[in-house]
Amino acid sequence: MSILYGKDILRTDTLSDGEIDLILSTASRFESVLKAGGRLGNMAGQVLATLFFEPSTRTRLSFEAAMLRLGGQVITVADPRTSSAAKGESLADSMRTVEGYADVIVIRHPRKGSAQEAADAVAVPVINAGDGAGQHPTQALLDIYTIQKEKGSLEGLTVALAGDLKHGRTVHSLVYLLARFGIQLIFVSPSVLTMPAEITADLKKMDADVSASSDLAAAMRQSDVVYMTRIQRERFEDPAEYERLRGSYVVDVAMIRQANPGITIMHPLPRVDEIASEVDAYEGAAYFRQAANGVPVRMALLALVTGCE
Ligand code: NCD
């Protein structure tokens, strides 16, 4: 059994270097099998429950595809209005119930801290697929997997992270992994959407090389990768504030021409208007490849926490 057997995957800052390496190498092994047209039955007879109390396309479907690719089966709540949460059931009670039906549970919920609460209620492994503006560890793992694949190595890279750094749970998780690999970070955001202070303090403790800017074009001249994010409309109390900030940063082909040659463009998706559609034809536009990488990375996570790798 691996070092991840029976564990919850709730955040990235508590993963060890060995666990991160194991996830990335297992994902790569699964990807090679799938690419060669092979079939896997590692999780035959097991059931995954996906509980999504917030909208999702990629995360839920790639977890479900991952389970099916491993020969397992899936039960799901895709719309919270159809679950007993709508009748007032507590998260802990829902979790205890689902634990009776599944070997592993993936949960997305609008409240920060909810994934930990869900995990505390049950003995089966729980994977956090996004807890409000908290963390989104599986996205960060597929992001780092993508950077490694696109760039050939993580060594000596500079990554700019742009957009809503305040509310974006993908960047909250990703920066810990990037810092762990010694990647230089440039944070690009409007002044009201900067990275939360507790995260920058953690990065400082890790001796991470971090700078901040509001100038995306300048950051792109110095970066190997730019990671764009959506302004997180659902986290704003004041819709007018969202309207004022949307469209703050838009990558287009003219910016890429001025940027560090060969720059890789990433985005966890969905994009609203952060990347012009003309960029899709650029060979360094990696966001749909990034989304596809969700399957082998989530296969690795499901298999490792259940001891089926
Ligand atoms: C992200 C999320 O849900 O945090 N989406 C995803 O899982 N790929 C990013 C976002 O919604 O902006």
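Only Cα pairs under 8 Å and 6+ residues apart enter the sum, and on that basis the relative contact order of the chain stands at 22 percent.
Cross-link check: pairs Lys166/Lys204; Lys112/Lys204; Lys87/Lys112; Lys112/Lys151; Lys112/Lys205; Lys7/Lys151 evaluated at a Cα-Cα cut-off of 25 Å; pairs beyond the cut-off: Lys112/Lys151; Lys7/Lys151.
Of all aspartates and glutamates in the structure, those lying under 16 Å Cα to Cα from Lys149, and not within fewer than 8 positions of it along the same chain, are Asp21, Glu31, Asp224, Glu283. Semi-axes of the equivalent ellipsoid for the chain, computed as √(5λ) from the eigenvalues of its C-alpha gyration tensor and ordered from largest down, come to 31, 23, 18 Å.
Ordering Gly71, Tyr101, Ile186 by Cα displacement along the dipole of region 63-195 toward the positive end leaves Ile186 in first place; charges were set at the Cβ atoms of Lys, Arg (+1) and Asp, Glu (-1).
For region 248-309, a Kirkwood hydrodynamic radius built from all Cα pairs, placed in the Stokes-Einstein relation at 37 °C and 0.692 mPa s, yields a translational diffusion coefficient of 245 µm²/s. Of the peptides 133-140, 263-270, the ranking by mean beta-carbon count within 10 Å, highest at the top, reads 133-140, 263-270.
Note on the chain: helix-only mean residue ellipticity at 222 nm, from DSSP H runs of 4+ residues weighted -39500 (n - 2.57) and normalised by residue number, equals -12000 deg cm²/dmol. Annotation: average projected area of region 1-151 is 9.3 square nanometres, based on the convex hull of Cα atoms across all directions.
For region 64-173, the Cα gyration tensor yields ellipsoid semi-axes of 30, 18, 11 Å (square root of five times each eigenvalue, largest first, whole Å).
What order, most packed first, do the peptides 184-191, 286-293 have when packing is the mean number of other Cβ atoms within 10 Å of each residue?
184-191, 286-293
The reciprocal of the average 1/r between distinct C-alpha atoms defines the Kirkwood hydrodynamic radius, which for region 126-202 equals 12.8 Å.
For region 157-253, the Kirkwood hydrodynamic radius comes to 13.6 Å, computed from all pairs of different C-alpha atoms.
Taking only the Cα atoms of region 188-309, the radius of gyration and Dmax are 16.9, 49 Å. Put simply, when 121-131, 244-254, 73-83 are sorted by average Cβ atoms within 10 angstrom per residue, most first, you get 121-131, 244-254, 73-83.
Take region 56-109, drop everything but the C-alpha atoms, weight them equally and run the Debye formula without solvent; then report log10 I(q)/I(0) at 0.13, 0.17, 0.20 Å⁻¹ to two decimals. So the normalised log intensities are -0.35, -0.59, -0.79. Other residues within the sphere of radius under 14 Å centred on the Cβ of Ile186, judged by their own Cβ, net out at -2 (K and R +1, D and E -1). Expressed as a whole number of Å, what is the distance separating the alpha-carbon centroids of region 154-197 and region 230-273? Each part's Cα centre sits 14 Å from the other's.
Read-outs: derived from the displayed coordinates by stated rules, not from any lab. What you see is a predicted model; the values in this text were computed from it and never measured. Quick reminder, even Gly has a Cβ in these numbers, built from the backbone with ideal geometry, and neighbours come from all protein chains shown.
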